[in-house]
Amino acid sequence: MDFLRSLGHPEEIYNLLRYKLGGYRAVMPKMDRDSMSKTLQTCYRYLDETGRSFSIVVQTLDGELRDAACIHYLVLRALDTVEDDMTINLETKIPILRNFHTYLYDPEWKFTDSKDKDRQVLEDFPTISLEFRNLAVVYQDVIADICAKGGDGLASFQEKKMDSLMEWDEYCHYAIGGNGFSRLFSASQLEDAEIGLDTHFSNSMGLSLQKANIIRDYLKDQLEGREFWPREVWSKYGNNLSDFAKPENIVPAVQCLNELITNALNHVPDVLTYLSRLKNQSVFNFCAIPQVMAIATLAACYNNQQVFKGVVKIRKGQTVTLMMEATNMEAVRAITLQYIEEIYQKIPLTDPTSGKTQHIISSIRNLCLPKSSTSNRT
């Protein structure tokens, strides 16, 4: 099926074959899980089960940073699972979110009343918290701080609606874990201290990823009783966000979609700047691969009615190609240019935000055209 979906894209078929024959090892070295403790093996299994695509990029990281990133992701996943589970009443949910960082130091804490598909990270949280406490203190401090801020921030959004674009940015910041990974990169000393301290560019990295997911998952979130699109935008196009799933509202729904994608594209220049500052190859791969997948997802969703009817996914051949090629700045710029040009070709002249979309694409295009040298990475 993967090969059939990539018919007409010979480079994807080629890369699928390369991937299946072991070519992925150039990006993702083999991990010796047998040498790990049983609890750490369990954590990596939970990583595979709850974040398959993220599990791939975690395995690109060097040394002890890999385990820190795995545990950081699982802690955030557990926090997010509490927030996402609409069967947990607010009287229970809000205190858990606000106190979640304290559970990292409690060997016994777990939550067994979740109905969410990822509930195993809550039911077996003692395994995750044990491996958290096995990390070096510099990593523990970062993860605990991000968990405290994120839990408090997500709790605040349980009691208020997401009205403005500023609040959308704030929510996405908390949901993606702020600048946690950037701080882990610096703590590992694989990257300079400035990477963890410069919150502006690392924040744009997170917002780019989170917004792409929120935009793509409109229908899924609606079916599960959640709404993450900001009222400031969707209220221009309808009375209720849920109405966009109705066939008679497809035109304004797609116009709203296009405006949100345009908003997300505004983070791309910062993303390119952040990536150009990285020195370590494994950290670069970890950061670059999700970003090019995000821009590919936005291109697939732009002006696409299917967002309101089903699931929009990029092809497996695209995923593999992006993963194997996004290993240097020249390639990242070329990939970004490819997908923003794809969006540009789909801009409807009648779209209310067509001018804004064209403007940001022009800005990104200027950054992606081959005229600057790449930084050296070790």
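The values are calculated or read from the model by the stated rules, or taken from the named source; none is laboratory data. Quantities reported herein were computed from a predicted structural model and do not represent experimental measurements. Ideal geometry is used to build each Cβ from the backbone, glycine not excepted, and the neighbour counts take in all protein chains shown. Please note that ligands, DNA and RNA were not included when accessible areas were found on the heavy atoms of the full protein model with its side chains. Shrake-Rupley method; radii C 1.70, N 1.55, O 1.52, S 1.80 Å.
The table below lists the values:
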{"item": "Residue that is more than 18 Å from the chain's Cα centre (by Cα), surrounded by 17 or more Cβ atoms within 10 Å (Cβ to Cβ), modelled with pLDDT of 95 or more and aliphatic (A, V, I, L, M), where the choices are V254, V268, V283", "result": "V254"}
{"item": "Residue count, the stretch 52-74 (criterion: open to solvent by less than 10 Å² (accessible area, probe 1.4 Å) and out of contact with any Cys (no Cβ under 7 Å at 6 or more places or on another chain))", "result": "8"}
{"item": "Extreme residue, farthest from T353 (Cα to Cα), among residues of the stretch 236-251 that are part of a loop (DSSP other than H, G, I, E, B) and open to solvent by 30 Å² or more (accessible area, probe 1.4 Å)", "result": "K246"}
{"item": "Subset of the stretch 74-102 (residues that are closer than 18 Å to D124 by Cβ and outside any helix (DSSP H, G or I))", "result": "D85, I88"}
{"item": "Subset of the stretch 351-378 that is modelled with pLDDT of 95 or more and open to solvent by 100 Å² or more (accessible area, probe 1.4 Å) - its residue that is farthest from N303 (Cα to Cα)", "result": "H359"}
{"item": "Selection from the stretch 75-94 of residues that are free of Cβ contacts under 8 Å to residues at least 60 places away in the same chain, hydrophobic (A, V, I, L, M, F, W, C) and either under 26 Å from L40 (Cβ atoms) or open to solvent by less than 10 Å² (accessible area, probe 1.4 Å) (or both)", "result": "A78, V82"}
{"item": "Top-ranked residue of the stretch 107-151 - restricted to ones that are open to solvent by less than 60 Å² (accessible area, probe 1.4 Å) and part of a loop (DSSP other than H, G, I, E, B), ranked as nearest to L76 (Cα to Cα)", "result": "D118"}
{"item": "Scan of the stretch 324-334 for residues that are open to solvent by 10 Å² or more (accessible area, probe 1.4 Å) and either outside any helix (DSSP H, G or I) or touching a helix residue (DSSP H, G or I) at 6+ places or on another chain (Cβ under 8 Å) (or both), ordered by number", "result": "M324, E325, T327, N328, A331, R333, A334"}
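Per-residue answers, yes or no, for (1) closer than 21 Å to C172 by Cβ; (2) touching a residue at least 60 places away in the same chain (Cβ under 8 Å); (3) part of a helix (DSSP H, G or I); (4) in contact with a helix residue (DSSP H, G or I) (Cβ under 7 Å, 6 or more places away or on another chain):
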{"site": "K220", "(1), (2), (3), (4)": "yes, yes, yes, no"}
{"site": "F228", "(1), (2), (3), (4)": "yes, yes, no, yes"}
{"site": "V254", "(1), (2), (3), (4)": "no, no, yes, yes"}
{"site": "I261", "(1), (2), (3), (4)": "yes, yes, yes, yes"}
{"site": "P269", "(1), (2), (3), (4)": "yes, yes, yes, yes"}
